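Data block below; observations after.
The values are calculated or read from the model by the stated rules, or taken from the named source; none is laboratory data. No experiment lies behind these values; they were computed from the predicted model shown. Ideal geometry is used to build each Cβ from the backbone, glycine not excepted, and the neighbour counts take in all protein chains shown.
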There are 4 protein chains.
Amino acid sequence: MVVTTVREALRLFVSERDWAQFHSPENLAKSISIESAELLECFQWDDEDLYSAVDELADVLTYCFLLADRLDVDPDAIVLNKLKETRKKYPADKARGRSDKYDRL
Amino acid sequence: MVVTTVREALRLFVSERDWAQFHSPENLAKSISIESAELLECFQWDDEDLYSAVDELADVLTYCFLLADRLDVDPDAIVLNKLKETRKKYPADKARGRSDKYDRL
Amino acid sequence: MVVTTVREALRLFVSERDWAQFHSPENLAKSISIESAELLECFQWDDEDLYSAVDELADVLTYCFLLADRLDVDPDAIVLNKLKETRKKYPADKARGRSDKYDRL
Amino acid sequence: MVVTTVREALRLFVSERDWAQFHSPENLAKSISIESAELLECFQWDDEDLYSAVDELADVLTYCFLLADRLDVDPDAIVLNKLKETRKKYPADKARGRSDKYDRL
């Protein structure tokens, strides 16, 4: 079998292990939070470990891609779609150089 | 300007707002944790709100893609690379149908 | 020295190690998130490990108490104070038996 | 009824609303993660909002106390107990002024 995309590679990995049974949307959401915290741990004490950060980011992304597949959405598509909304909430001329929430712009 | 990829679209969005100054790896890691928790909130009380979950997943992914770009790595590539390691830690014949950690297989 | 309260015990522990320098409110907030995720990990895959959960809850509480001390507030007092507000947001007769957010009651 | 402790106040609050049914250990663990992220949000972009931080810390603590009660442990007792172990893992003379993990001291 030739695997050509990340989605296919993840599907094959999961099916070979019969793990789909554990991958409810809720369990994947928990897993994303858990891995995000391991990523955050690379920056816990005013230091930063960027090498480990790449490794942990890969774990977060893996669960995100699994959840996207479970919810039958395309990762790139939902990011681009959300970006459209965010563009409206944060117009460039108002938001430039500011980290305030949209309701304080 | 024709934007053809998610990475380019995100870069343009950030540069138009002069937000790169806020996007240190640490701040992006915090943001990934924060958005992950909003995703988890869709499953807080034995219910599930899958419609909102897609929306929140988009936010988690957005910050993941921004961090990947900041760390100069490709999201798909690091996921596939990590998958190789995970395949070794969880051999299909040992891990099949089990949610145990690799050191308990 | 006789240590009589948790606050005093934590202060002594920190000062013996000269760790106050690392305990900025932000670093403690990150630590609370990190330990919360380790607690969540006890419930990751439809199982539950309550023995480990107690252990991880202790870690979350430790950082919460350190942050409370850093912000010069009393843990019990702020919980009781918040409870007063929550009582108003969730009147017993409206909220009974429902897990909805206050704006949907 | 005279409420004299935080535990009693929380128990009364929950029972008046018939919310114990939602407070499984897992749901409380999720809630602790969710509230921790709201606390972290007070420090998202190199700024800090200590006023809101107290408010969010109260929410984290509330769920921690509810979980402690659900697991039938005393918050102070488990923190003090864990502190004993941490004292051994991080001897003052080795750990002084260092934020390294115990296995790197």
Exactly one of A:33, A:15 is more than 26 Å from residue B:25 (Cα to Cα), part of a helix (DSSP H, G or I), of a type in the set (Ser, Thr, Tyr) and without any contact (Cβ under 8 Å) to a residue 12 or more places away in the chain, and that one is A:15
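Which one is nearest to the chain's Cα centre (by Cα) among residues in the stretch D:36-52 that are part of a helix (DSSP H, G or I) and within 14 Å of chain B (Cβ to nearest Cβ)?
Going residue by residue through the stretch D:36-52, those that are part of a helix (DSSP H, G or I) are D:36-41, D:50-52.
Still in the list and also within 14 Å of chain B (Cβ to nearest Cβ): D:36-41, D:52.
On the way: D:36: 9, D:37: 13, D:38: 14, D:39: 12, D:40: 14, D:41: 17, D:52: 17 Å.
It comes out as D:36.
Examine the stretch C:90-105 for a residue that is touching a Ser or Thr at 6+ places or on another chain (Cβ under 7 Å) and either more than 13 Å from chain A (Cβ to nearest Cβ) or surrounded by fewer than 20 Cβ atoms within 10 Å (Cβ to Cβ) (or both), and state whether such a residue exists.
Looking only at the stretch C:90-105, we keep the residues that are touching a Ser or Thr at 6+ places or on another chain (Cβ under 7 Å), and these are none.
No; the residues of the stretch C:90-105 include none that is touching a Ser or Thr at 6+ places or on another chain (Cβ under 7 Å) and either more than 13 Å from chain A (Cβ to nearest Cβ) or surrounded by fewer than 20 Cβ atoms within 10 Å (Cβ to Cβ) (or both).
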So which residues in the stretch B:1-58 are exposed (fewer than 15 other Cβ atoms within 10 Å of the Cβ) and of a type in the set (Ser, Thr, Tyr)?
B:4, B:5, B:15, B:51, B:52
Do you know which residues across the stretch D:24-35 are more than 7 Å from chain B (Cβ to nearest Cβ) and either farther than 17 Å from residue A:32 by Cα or not β-branched (Val, Ile, Thr) (or both)?
D:24, D:25, D:26, D:28, D:29, D:35
Yes or no: residue A:100 over 30 Å from residue D:100 (Cβ atoms) and not in a helix (DSSP H, G or I)?
yes
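What tally of residues in the stretch D:59-89 results from selecting those that are at positive phi and buried (at least 21 other Cβ atoms within 10 Å of the Cβ)? Talk me through it step by step, then tell me what you get.
Just the residues of the stretch D:59-89 that are at positive phi, to begin with: D:72.
In the following step, the residues that additionally are buried (at least 21 other Cβ atoms within 10 Å of the Cβ) were identified as none.
Residues flagged as at positive phi and buried (at least 21 other Cβ atoms within 10 Å of the Cβ) within the stretch D:59-89 amount to 0.
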Restricting the stretch D:58-85 to residues that are part of a loop (DSSP other than H, G, I, E, B) and more than 7 Å from every other protein chain (Cβ to nearest Cβ), the one farthest from the chain's Cα centre (by Cα) turns out to be D:72
Taking the stretch D:1-52 as the region of interest, how many residues are out of contact with any Leu (no Cβ under 8 Å at 6 or more places or on another chain) and under 18 Å from residue C:76 (Cβ atoms)?
8
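For the stretch D:67-105, give me each residue that is of a type in the set (Lys, Arg) and within 30 Å of residue D:23 (Cβ to Cβ). Can you show your working first?
The initial filter retains those residues of the stretch D:67-105 that are of a type in the set (Lys, Arg), namely D:70, D:82, D:84, D:87-89, D:94, D:96, D:98, D:101, D:104.
Scanning the stretch D:67-105 gives D:70, D:82, D:84.
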For the list (1) at pLDDT 95 or above; (2) within 14 Å of chain A (Cβ to nearest Cβ); (3) within 23 Å of residue B:37 (Cα to Cα), I need the number of the one condition that residue C:55 fails.
(2)
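Being at pLDDT below 95 and out of contact with any helix residue (DSSP H, G or I) (no Cβ under 8 Å at 6 or more places or on another chain) is the requirement here; does residue A:46 meet it?
Details: at pLDDT below 95: yes; out of contact with any helix residue (DSSP H, G or I) (no Cβ under 8 Å at 6 or more places or on another chain): no.
So residue A:46 fails the test.
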All conditions in (1) under 30 Å from residue B:38 (Cα atoms); (2) within 17 Å of the chain's Cα centre (by Cα) are true of residue D:21 except (2)
